[in-house]
1. What lysines does LYS25 reach when the alpha-carbon gap must be under 22 Å and sequence neighbours fewer than 8 apart in one chain are set aside?
2. Can you find, among MET19, LEU44, MET1, the residue farthest towards the positive end of the dipole of the chain? Put +1 on the C-beta of Lys and Arg, -1 on that of Asp and Glu.
3. At what distance in angstrom do the alpha carbon centres of segment 22-55 and segment 1-21 lie from each other?
4. On C-alpha positions alone, give me the angle between the axis of helix 24-47 and the longest principal axis of the chain, in degrees, nearest 10.
5. For the residues THR30, THR17, THR3, what sequence is obtained by ranking on other C-beta atoms within 10 Å, fewest first?
6. Match the structure shown to one of the listed values (i) 11.3, 32; (ii) 19.5, 56; (iii) 14.4, 47 of Rg and Dmax of the Cα atoms in Å, computed from it, and give that label.
Amino acid sequence: MLTNIDIDDRKVKEIMTMMNIKTKKEAVNTAIDEFLRALSAKELLKLKGSNAWEGNLDEMRRD
């Protein structure tokens with residue numbers, strides 16, 4: 001998707017330096033990917049101890 005946004009140039013350059021990235025586009029896409037990964041991990045942690053999964057591992061292992 002092509003879009004124009006106002007981004008803090010210092011932060012983009014910091015990401016580019018830290019991640020050894022050559023382009024601003026790649027830096028923004030990498031930052032978005034990392035943010036989504038962090039959100040997914042946070043959601044998974046919410047499930048810890050919630051008994052959200054139901055099943056029998058012994059039965060699954062037999063199949």
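1. Correct list for LYS25: LYS11, LYS13.
2. MET19
3. 20
4. Here the helix axis deviates by roughly 30 degrees.
5. On the way: THR30 15, THR17 10, THR3 4.
With the fewest neighbours first, THR30, THR17, THR3 line up as THR3, THR17, THR30.
6. Checked against the structure: label (ii).
Bear in mind that the values in this text are calculations on the coordinates, not laboratory data. As the structure is a prediction and not an experimental result, all values here were calculated from the model. As a convention, Cβ positions derive from the backbone with ideal geometry for all residues, glycine included, and neighbour counts pool all protein chains shown.
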